[in-house]
Amino acid sequence: MSSAYQVNQQPDNATPKQESITGVVERLTFHSEESGYTIARLQRPKVSELTTITGSFAGIQPGQTLQLNGFWREHPQYGLQFQVVNYKETKPATITGIEKYLGSGLIKGVGPVTAKRIVAHFGIETLDIIENQIDRLHEVNGIARKRITMIKKAWETQKAIKEVMVFLQSHGVSTIYAVKIYKNYGDKSIGIVTTNPYQLATDIYGIGFLTADKIARNLGVPTDSEFRYRAGITHIINDASEDGHCYLPQPELIEEVSKCLKTDDHQPTEDAIATIIKNMSLADELIRESSPEQILLCYNPAFFNTENNLALLIAQRLRNPINPDMERVRTWLARFTESRKVELSPQQQQAVEMAAYSRVLILTGGPGTGKTFSVRTIVGLWKAMGKSLAKPLGTRIALAAPTGRAAQRLTEMTGLEAKTVHRLLEFDPKNMGFKRDMKNPLPQKAIIIDEASMLDLFLAYSLIKAVPEDGQILFVGDIDQLPSVGPGKVLGDLINSSKVPVIRLTQIFRQAQTSAIIRSAHQINLGQYPNIEPISETPQSDCLWHGGGQQPEHGVQAISELIADFIPKLGFNPVADVQVLSPMTRGLVGTRNLNNVLQQLINPPSPQKLEVTRGGTVFRVGDRVIQLTNDYNREVFNGDVGFITNIDTEEQEVIVQYQERDVTYDYADLNELGLAWSVTIHKSQGSEYPVVIMPIYTQHYMLLSRNLIYTGLTRAKKLAIIVGSKKAIGMAVRSVNQKERYTQLQNRLVSILS
């Protein structure tokens with residue numbers, strides 16, 4: 001607890017005299033987990049007023065006693081402050097200081113209440129007792145042996161973490177990841193970071209190549225080392241997958257790697273990068289494939305093998321059609337529609353008939369075109385064909401969707417149980433893979449996958465692998481929506497290959513034509529400016545436009561007023577019914593700022609609501625949150641949305657409820673979560689909300705596209721409100737030049753089946 005931290009270098013042009021002060025941290029005014037920069041208030045001995053201190057700290061908590069070296073400066077707005085150059089932590093010297101220190105969240109198992117009891121019993125000797133005679137904690141009322149073991153482990157861990165934190169801070173890594181690094185590597189943390197800092201980018205969620213490279217540079221790894229080049233190449237290929245690409249053409253890869261590896265004293269050459277790429281391909285660290293245009297395509301091996309095998313499996317199924325008695329199918333269909341007094345469109349009729357004999361079938365179409373009724377009818381047909389009976393005639397029909405919310409909607413739509421694709425395939429966290437595959441296929445012979453536009457390359461391959469050879473699969477989705485968040489454009493490639501049977505529903509049914517949301521969506525899809533009703537006190541439409549001023553700051557105000565006043569007047573609950581969808585995360589009307597604004601508006605702080613701050617984000621009981629990455633151990637996946645129901649300050653855990661299932665997060669894992677009062681349109685795929693508010697401004701111009709605004713609008717079930725300028729809406733409607741994803745699934749299917 002006496003380690004020294006170097007936190008700030010004095011400016012070259014400043015010559016104030018350095019001084020040393022000591023005090024107890026009273027409270028944190030501001031602390032950035034990312035940079036460590038902190039503004040805090042310090043209680044100094046024999047000084048009545050609190051002292052403001054500023055600087056970067058590896059870790060700081062109220063109650064810590066610090067000895068600080070630095071200099072005084074006069075801030076033009078906030079007055080006299082002490083600028084910290086370096087500091088060291090000493091043991092708290094007062095009863096109050098010890099109590100604050102223990103109850104600050106530093107030690108898992110000790111919250112404010114437990115800290116108060118411990119200090120009341122042991123007084124000024126508390127920290128010495130914990131350090132040297134921790135078993136004596138059983139003397140404190142309410143602390144059982146099990147909790148003592150937990151406190152002992154946490155005390156030892158926090159000391160080890162502090163060593164790791166000091167090391168990482170001195171080598172340029174953010175303090176927010178120190179606990180995750182320690183959890184991942186334990187006592188080997190410093191050794192692994194020293195030996196191979198680039199391993200952090202692979203192993204630790206949130207640490208990328210740039211941070212690992214910074215550490216490597218500080219540790220003396222040469223800028224031209226092959227080790228660094230290989231890590232840079234891997235980073236660029238992996239980074240491209242975040243944008244949906246399955247590979248990069250070698251010229252583009254070389255260009256991006258060159259930018260990535262460039263430093264003030266080093267400029268990589270194209271030849272040097274090309275040589276390393278060749279070496280990596282010879283070592284099977286990446287795969288190069290020649291395109292028809294004689295350009296080398298550079299793949300991560302997992303992407304190449306998955307894309308190739310997916311094409312082979314689909315082709316294999318397409319070559320093995322079913323031969324049912326189509327006369328009986330048409331007779332059944334006629335009786336089915338007559339008994340329900342409904343009439344199918346010619347496209348729907350064709351879809352149902354093709355479902356009788358197609359191993360793989362795609363049903364696509366926009367809102368109001370009858371996808372739901374088509375699916376219900378296909379389910380009825382499959383039941384009539386015996387696919388819902390027990391063996392040997394067949395087994396149950398399986399229904400699934402990529403997200404929990406989409407699966408829930410599929411259940412409501414069909415009346416049959418639907419699961420997430422991960423649950424259908426029985427994901428096994430221990431082995432980090434699916435139990436269902438070619439060796440252990442699904443028992444169902446007929447499978448429907450809704451929201452198929454969300455299937456990325458890897459999930460689609462895992463799914464096809466698990467479909468039995470004599471089974472059928474129906475993909476249902478809207479091809480005009482945004483492609484999957486993950487790599488690939490599977491649904492688009494399958495349709496564009498012209499090798500997979502596709503039915504595209506285009507007729508909008510009469511009952512759907514009454515919805516302005518559906519009419520506007522189809523207008524947008526045709527490149528027409530939507531006919532949206534301007535907002536008024538008594539709206540006559542379910543699709544409204546609020547000018548919201550020409551500037552984003554006016555949009556923030558407009559959204560706040562809609563949620564605080566207009567929405568409740570219409571009978572909607574802002575907490576449960578309203579979702580704000582934004583094209584991007586940055587900017588005033590980006591999700592990051594909107595979440596802060598909406599949190600204060602919808603779920604403001606109160607003494608009754610516990611909260612914790614991590615990574616600059618305040619998480620509060622009652623907050624709507626979104627999972628930002630796939631977490632297979634907790635069985636929560638990228639895009640899942642839930643509500644914080646409890647925060648345990650002693651266990652340092654946050655409880656999130658997802659569709660009546662509670663999931664526990666350790667404080668160290670909170671970077672997997674984000675606030676979800678506002679989410680990106682991309683993250684909203686597969687979901688429907690009673691009310692959608694969508695800001696569209698020209699500051700989003702880089703992301704504005706027809707399928708983006710179409711996707712956002714079609715998330716609304718009862719009311720959609722677009723806030724923003726007509727110019728920005730027009731830009732989105734006209735823009736179809738979205739950068740094409742690099743995939744070869746379409747070409748592979750054409751090649752195999754030609």
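The values are calculated or read from the model by the stated rules, or taken from the named source; none is laboratory data. For clarity, every value in this text was computed on a predicted model and none was experimentally measured. Cβ placement follows ideal geometry from the backbone for every residue including glycine, while neighbour counts extend to all protein chains displayed. In case anyone asks, the SASA skips ligands and DNA or RNA and just uses the protein heavy atoms, side chains included. Shrake-Rupley method; radii C 1.70, N 1.55, O 1.52, S 1.80 Å.
Brief remarks follow.
- The one condition in (1) among the aliphatic types (A, V, I, L, M); (2) within 24 Å of the chain's Cα centre (by Cα); (3) crowded, with 24+ Cβ neighbours inside 10 Å; (4) more than 30 Å from residue 297 (Cβ to Cβ) that residue 675 fails to fulfil: (3)
- Single unsatisfied condition, residue 593 versus (1) polar (S, T, N, Q); (2) over 30 Å from residue 114 (Cα atoms); (3) open to solvent by less than 30 Å² (accessible area, probe 1.4 Å): (3)
- Residue that is farthest from residue 699 (Cα to Cα) [pool: residues in the range 543-593 that are β-branched (Val, Ile, Thr) and in contact with a Pro (Cβ under 7 Å, 6 or more places away or on another chain)]: 567
- Residues in the range 558-572 that are without any contact (Cβ under 8 Å) to a residue 60 or more places away in the chain and either touching a strand residue (DSSP E or B) at 6+ places or on another chain (Cβ under 6 Å) or surrounded by fewer than 14 Cβ atoms within 10 Å (Cβ to Cβ) (or both): 564, 565, 569, 571.
- The lone criterion from (1) touching a residue at least 24 places away in the same chain (Cβ under 8 Å); (2) surrounded by fewer than 21 Cβ atoms within 10 Å (Cβ to Cβ); (3) over 23 Å from residue 247 (Cα atoms) left unmet by residue 426 is number (1).
Results for (1) open to solvent by less than 10 Å² (accessible area, probe 1.4 Å); (2) out of contact with any Phe, Trp or Tyr (no Cβ under 9 Å at 6 or more places or on another chain); (3) modelled with pLDDT under 85, shown as yes or no for each residue.
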position: 680; (1), (2), (3): no, yes, no
position: 693; (1), (2), (3): yes, yes, no
position: 711; (1), (2), (3): yes, yes, no
position: 725; (1), (2), (3): yes, no, no
position: 731; (1), (2), (3): no, no, no
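- Residue among 336, 434 that alone is open to solvent by 40 Å² or more (accessible area, probe 1.4 Å) and in contact with a Leu (Cβ under 9 Å, 6 or more places away or on another chain): 434
- Per-region count, the range 347-371, residues in a helix (DSSP H, G or I) and open to solvent by less than 30 Å² (accessible area, probe 1.4 Å): 6
- Qualifying residues in the range 651-670 (those that are part of a loop (DSSP other than H, G, I, E, B) and in contact (Cβ under 8 Å) with a residue 60 or more places away in the chain) - the one surrounded by the most Cβ atoms within 10 Å (Cβ to Cβ): 652
- Close pairs from the range 459-487: first acidic (Asp, Glu), partner open to solvent by 20 Å² or more (accessible area, probe 1.4 Å) and in a helix (DSSP H, G or I), Cβ under 7 Å, at least 6 apart: 480/525; 480/707
- Residue in the range 472-482 that is of a type in the set (S, T, N, Q), modelled with pLDDT of 90 or more, closer than 27 Å to residue 386 by Cα and not in a loop (DSSP other than H, G, I, E, B) present: yes
- Conditions (1) modelled with pLDDT under 90; (2) surrounded by fewer than 19 Cβ atoms within 10 Å (Cβ to Cβ); number of the one not met by residue 439: (1)
- Yes/no for residue 231 being over 27 Å from residue 740 (Cβ atoms) and either crowded, with 16+ Cβ neighbours inside 10 Å or at pLDDT 85 or above (or both): yes
- Count of the range 372-397 residues which are open to solvent by less than 40 Å² (accessible area, probe 1.4 Å), at pLDDT 80 or above and either charged (D, E, K, R) or touching a Phe, Trp or Tyr at 6+ places or on another chain (Cβ under 7 Å) (or both): 4
- Tabulated pairs, the range 527-550, first open to solvent by less than 30 Å² (accessible area, probe 1.4 Å), second assigned to a strand (DSSP E or B) and among the small types (Gly, Ala, Ser), C-beta under 9 angstrom, 6+ apart or interchain: 532/720; 543/716; 543/720; 544/720; 547/724; 548/724
- Within the range 220-250, being in contact with a Cys (Cβ under 8 Å, 6 or more places away or on another chain) and outside any helix (DSSP H, G or I) holds for 247, 248, 249.
Condition check ((1) assigned to a helix (DSSP H, G or I); (2) open to solvent by 30 Å² or more (accessible area, probe 1.4 Å); (3) modelled with pLDDT of 70 or more) across all residues:
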position: 159; (1), (2), (3): yes, yes, yes
position: 165; (1), (2), (3): yes, yes, no
position: 169; (1), (2), (3): yes, yes, no
position: 190; (1), (2), (3): yes, yes, yes
position: 194; (1), (2), (3): yes, yes, yes
position: 197; (1), (2), (3): no, no, yes
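- Some residue of the range 616-626 being of a type in the set (Val, Ile, Thr), closer than 25 Å to residue 707 by Cβ and either surrounded by 23 or more Cβ atoms within 10 Å (Cβ to Cβ) or within 14 Å of the chain's Cα centre (by Cα) (or both): yes
- Test: residue in the range 330-350 that is aromatic (Phe, Trp, Tyr) and under 29 Å from residue 526 (Cα atoms): no
- The number of residues in the range 255-285 that are of a type in the set (S, T, N, Q) and outside any helix (DSSP H, G or I) comes to 3.
- Some residue of the range 650-673 being within 26 Å of residue 563 (Cα to Cα) and in contact with a Lys or Arg (Cβ under 7 Å, 6 or more places away or on another chain): no
- Residues of the range 481-524 satisfying the condition of being in contact with a Gly (Cβ under 9 Å, 6 or more places away or on another chain), surrounded by fewer than 21 Cβ atoms within 10 Å (Cβ to Cβ) and polar (S, T, N, Q): 506, 507, 511, 513, 515
- Within the range 286-310, the set of residues being open to solvent by 40 Å² or more (accessible area, probe 1.4 Å), part of a loop (DSSP other than H, G, I, E, B) and touching a strand residue (DSSP E or B) at 6+ places or on another chain (Cβ under 6 Å) comprises just one member, 295.
- The selection criterion, being at pLDDT 95 or above, farther than 21 Å from residue 627 by Cβ and either among the hydrophobic types (A, V, I, L, M, F, W, C) or buried (at least 20 other Cβ atoms within 10 Å of the Cβ) (or both), does not hold for residue 446.
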